[in-house]
Amino acid sequence: MSTSLHHRAIENLGTRIVTGDLPAGHVMLAEQLEEELRVSRSVIREAVRVLQSLGLVETIKRVGIRVLPSSSWNPFDPLVIRWRLAGEGRGAQLRSLAELRSAVEPVAAELAAANAPVKLRHELVDISHAMREAGHAGDVPRFLELDIHFHSLLLSGSGNEMFANLMGQVAETLTGRTVHGLMPDHPHETALQWHVDLAEAVAAGDGPAARDASDRIMRRTMAEMEPTWTEQPRVFIPVRHH
């Protein structure tokens, strides 16, 4: 029970901060939050600790819990990504993630062609064919599950642990696009074929072909999603002087 209360408190406060309901500079008191969310002090303390780790709040002695500006948030954390995708800044979040994936995934595909274990190469091919079947059938939940698995395998197969640690971000992006109705029920045949091409290039150890197929997938993704972010401002993080 305490775990679900803890989760609910994090979701409640995190969503309100990221959507701007609790703006930067806003100060909250633990006792007020206890009363408002009807939870114990220990649940609030744990929730605040998580939000602090994400860069959303800071605690100030004899003042309270202060909301921090978006430039302080951890933009790579899957929770922050999910909350941003649920709010008005969805387009900007999708753009940032799509640009990150466009920069990383083609390189990861080329590295996977050179480095991935044999078992992973075979699994990638199997998943690509299963994706095509699910896409043709219009099985959206199954397609999402396979799509996440496919791109996670690709990042993992690169043999670069920093790329592999982007799996959570990619999963939240693909989930968010599906949940918010930004994915077609029947993916385009060309896109399905490109996933097969990519998997087969990785399996064959053809780095340039793998990179090219991944690049084509990402360019199409960017083109499809661009209307969601046309009017959205970019975020410029201040450079800190050390």
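The values are calculated or read from the model by the stated rules, or taken from the named source; none is laboratory data. No experiment lies behind these values; they were computed from the predicted model shown. Because the Cβ atoms are built from the backbone with ideal geometry, glycine has one as well, and the counts that use them run over all protein chains shown.
Could you tell me how many of the residues in region 135-159 are assigned to a helix (DSSP H, G or I) and loosely packed, with under 15 Cβ neighbours inside 10 Å?
Of the residues in region 135-159, 3 are assigned to a helix (DSSP H, G or I) and loosely packed, with under 15 Cβ neighbours inside 10 Å.
Does at least one position in region 17-27 carry a residue that is part of a helix (DSSP H, G or I), outside the structural domain of L85 (by TED's automatic domain parsing) and surrounded by 15 or more Cβ atoms within 10 Å (Cβ to Cβ)?
Checking region 17-27: at least one residue is part of a helix (DSSP H, G or I), outside the structural domain of L85 (by TED's automatic domain parsing) and surrounded by 15 or more Cβ atoms within 10 Å (Cβ to Cβ).
Answer yes or no as to whether M162 is surrounded by fewer than 18 Cβ atoms within 10 Å (Cβ to Cβ), closer than 24 Å to A112 by Cα and at pLDDT below 95.
The answer is no for M162.
So which residues in region 172-192 are part of a helix (DSSP H, G or I) and either in contact with a strand residue (DSSP E or B) (Cβ under 7 Å, 6 or more places away or on another chain) or among the aliphatic types (A, V, I, L, M) (or both), if there are any at all?
L174, V179, A191, L192
Applying the selection to region 197-207, what residues are over 28 Å from L85 (Cβ atoms), assigned to a helix (DSSP H, G or I) and out of contact with any Asp or Glu (no Cβ under 7 Å at 6 or more places or on another chain)?
Within region 197-207, D197, E200, A201, V202, A203, A204 qualify.
Taking helices (runs of 4 or more DSSP H) that do not extend beyond region 35-117, which have at least 1 residues that are surrounded by 15 or more Cβ atoms within 10 Å (Cβ to Cβ), over 24 Å from the mean Cα position of the chain (by Cα) and touching a residue at least 40 places away in the same chain (Cβ under 8 Å)?
Output list reads 41-53, 90-115.
Which condition breaks for V170 when tested against (1) in contact with a His (Cβ under 6 Å, 6 or more places away or on another chain); (2) touching a residue at least 60 places away in the same chain (Cβ under 8 Å); (3) over 30 Å from G20 (Cα atoms)?
Answer for V170: the failing condition is (3).
Please list, ordered by first then second residue, the pairs with beta carbon atoms under 9 Å, 6 or more apart or interchain, first in region 122-140 and farther than 17 Å from L198 by Cα, second part of a helix (DSSP H, G or I) and among the small types (G, A, S).
V140/A134
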